[in-house]
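Following: one structure in structure tokens, then a few remarks.
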Amino acid sequence: MPRRKKKRELRTLAAPFTVAAPSGARIRDRLRVTSADAKVVRLVGEHLGRHARADLAERVRIGQARAQDTERARRKKTLTAVSSSRWAGAITRVSQDQYQLSLRALYDERASLRRAITTISKRLDVPCGERVGKVRGYSGQGERAHKQRRMAALTARLARVEERIEQGRPAIVVGGRRLAKTRHNLADAQLTEAGWRERWDASRLFLTADGESGAPHGNYTITVEPGTGAVTIVLPEPLRHLANAPRGRYRLSCTVAFSHRREEWLDRATANRAVRYDIVHESQRDRWYLDASWSADPAVLPTPDELKQFGQRLLGVDLNADHLAVAVLDPHGNPVGEPHTIPIDLTGPASQRDGRLRAAISELLALARQHDCAGIAIENLGFDDARTTGRETMGRGKRGKKFRRTVAGIPTARFRERLRGMAYHQGLIVVAVDPAYTSIWGEQHWKKPLQTQSKTSVTRHHGASVAIRRRGLGYRVRRRPGVTPAHQRMSAGRATGQTVTVPRPRGTVSPPRTTGTLNRGDKTCWSRGDQLTLFPDLEDRSRGHRTTCPDSSDSANTGQHR
């Protein structure tokens, strides 16, 4: 008798969670400076940027150390002599943040390299054209030799990364490594040497002033008056001769208004609460901008269990490369109305892609408000492991290359951050769920039921959106067994996905019979043992009849994984 194939084990699903509220806010307004103002601001940025790079190099030299061993007080004292106390504090703080960020990037790169090396080594251990368990060997000796060279290169990179982590000295390029490498490929980047130099100098300016509660309008170094919008800057000590305002300050001839979220900014500035300001120069368009940012008060958001108890609707969203598949569900997990599709065009420059993503999220939030939804359920996608292993796990050839490009083009992190901030300001909750099996189970259990009640074409992505929303409130993805489907010729019918658990027996059960009770055919029951309280299966006949109603979570009643 042939052996039965072992059933594939499903991985454990992570519990859904509420995405935290934004930790802060950042707004921008344009500075329409004159040529004289631009010259002074550039001199200040170049002067502070030169000392900031020197301080960052000193922080990297110190390496990994405790907070009291980073010599910040000594470094700040040295910087104060060439700038001011507040400028020095901002420089040392930015150096520490940049150092910690670079270390985290090294840790992530090490994990990524280890995953890639492990995947390739497993396939190299299998002979060409063969399979050992779930691991498939390479198709030929040529591909195998190429992967051996690839593994040697990854191993060398991993050794360098581990050495930097051990020494605590990450490689940091102020201005960006990509822009630095562009210097050697000016023709491909369609840049001249002068144009590249202008971008490079603009990216290395340092014009960041930390806010301070109690200071005038929340920031003493760069001050913006709430009433008039006038901007004044504290000049470093060597540039005090350029001051046109008292106490060594320079007053710009232009003003700012901050039309976006102006009321929040005014509340902080008038109350002298801390506001950080950054002056940014975009050399491509030769424009100056002023960014204002501040930390938000911590907000306590309801958990998925609390949303379930409140009986709130949720909007299920499945993020894809070119569209959002959306389904509205009631508190019991039943689809309401027809599913929706919101297109996303992610082609063109980065600014256009970001604008189209924001427009799609705005349409999504409007749809949630229209259907009185309390929040949105999305998948907690990352694709870090998939992007690391590449061809090893995501297909080969033209089809695999196209699929890998599609995955790389899905803006998971940007979509999550944009949705979190925009939904919070609209009073909506974002619930993140485990993305495992949502597309497979959504197509298996929900595509056909959705199509029966929809006049438009339904795809597997719409079924996945239903699965995402049901998982967001702790319901099972699959439909409950025994629910009557909609009539084939009538649009109205019972709900196709009830989630309210009502224990009941399987099959049809007749009323209890006793001795003397009339039965079909005008016969009477001659013994109590002749009756069955439930419709048993074959296993029950050999082990005795059940006498209690089976629970709805019984494996014999479900027949599928939760």
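The values are calculated or read from the model by the stated rules, or taken from the named source; none is laboratory data. Just so it is clear, the structure is predicted and the values come from calculations on it, not from any experiment. Using ideal geometry, Cβ is built from the backbone for each residue, glycine included, and neighbour counts are taken over all protein chains shown. With ligands, DNA and RNA removed, areas are computed over all heavy atoms of the protein, side chains included. Shrake-Rupley method; radii C 1.70, N 1.55, O 1.52, S 1.80 Å.
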Check: Which loop chymotrypsin sites (Phe, Trp or Tyr not before Pro) in segment 246-323, with loop taken from DSSP, have no more than 11 other Cβ atoms within 10 angstrom of their Cβ?
Finding: none
Check: In segment 168-198, which residues have a backbone nitrogen under 13 Å from the label point lying 7 Å from D69's Cα in the Cα-to-Cβ direction?
Finding: 168
Note to self: Within segment 217-256, name every residue whose backbone N is under 19 Å away from a label modeled 7 Å from Cα of A81 along the Cβ vector.
What the structure shows: 236-240
Check: Roughly how large, in nm² to one decimal, is the mean projection of the convex hull of the alpha-carbon atoms in segment 1-156?
Finding: 19.2
Check: Looking at this model, which pairs from K134/K448; K147/K402; K401/K455; K308/K447 are more than 26 angstrom apart at the alpha-carbon?
Finding: K134/K448; K401/K455
Note to self: Under the 0.36 nm per residue contour assumption, what length would be gained going from the current alpha-carbon distance of T34 and T118 to full extension?
What the structure shows: 24.5 nm
Notebook entry, point to check: Where the centroid of each part is defined by its Cα atoms, how far is segment 176-221 from segment 222-252 in Å?
Noted result: 21
Check: At a Förster distance of 30 Å, what's the computed FRET efficiency of K134 paired with R157, Cβ-Cβ distance as r, to 0.05?
Finding: 0.65
Check: Once label points are set 7 Å from the Cα along Cα→Cβ at both Q100 and T456, what is their separation, rounded to one decimal in nm?
Finding: 4.5
Margin query: For R313, what residues show an amide H to amide H distance below 5 Å, using hydrogens built from the backbone and excluding near sequence neighbours?
Written below: A374
Notebook entry, point to check: Taking H as built 1.01 Å from N, whose amide H comes closer than 5 Å to the amide H of D330, not counting residues under 5 places away?
Noted result: V336
Next item on the list: Report the extension gain between D372 and D322 in nm, rounded to one decimal, defined as 0.36 nm multiplied by the number of residues separating them, less their alpha carbon distance.
Entry: 15.4 nm
Note to self: With every protein chain left in place and a probe of 1.4 Å, what is the accessible surface of H323, to the nearest 10 Å²?
What the structure shows: 30
Check: From Cα coordinates alone, what are the radius of gyration and Dmax values for segment 48-109 in angstrom?
Finding: 11.7, 38
Item checked: Among Q64, A81, A52 - extreme Cα towards positive end, dipole of segment 43-85, charges at beta-carbon -> Q64
Note to self: Taking 0.36 nm per residue of sequence separation and subtracting the Cα-Cα distance, how much length would be gained by fully extending the chain between K402 and Q284, in nm to one decimal?
What the structure shows: 39.2 nm
Check: Mind ordering 420-427, 440-447 by average Cβ neighbours within 10 Å, highest first?
Finding: 440-447, 420-427
Next item on the list: Beta carbons within 10 angstrom, averaged per residue: use that to sort the peptides 368-375, 131-138, highest first.
Entry: 368-375, 131-138
Checklist line | Size of charge dipole - segment 106-162 - debye, nearest 20, with Cβ of Lys, Arg +1 and Asp, Glu -1, no other charges | finding: 80
Item checked: Efficiency of FRET between L266 and Q141 - r from beta-carbon atoms, R0 56 angstrom, step 0.05 -> 0.20
Check: Given charges of +1 on the Cβ of Lys and Arg and -1 on the Cβ of Asp and Glu, with all other atoms neutral, how large is the dipole of segment 143-225 about its Cα centre, in debye to the nearest 20?
Finding: 860
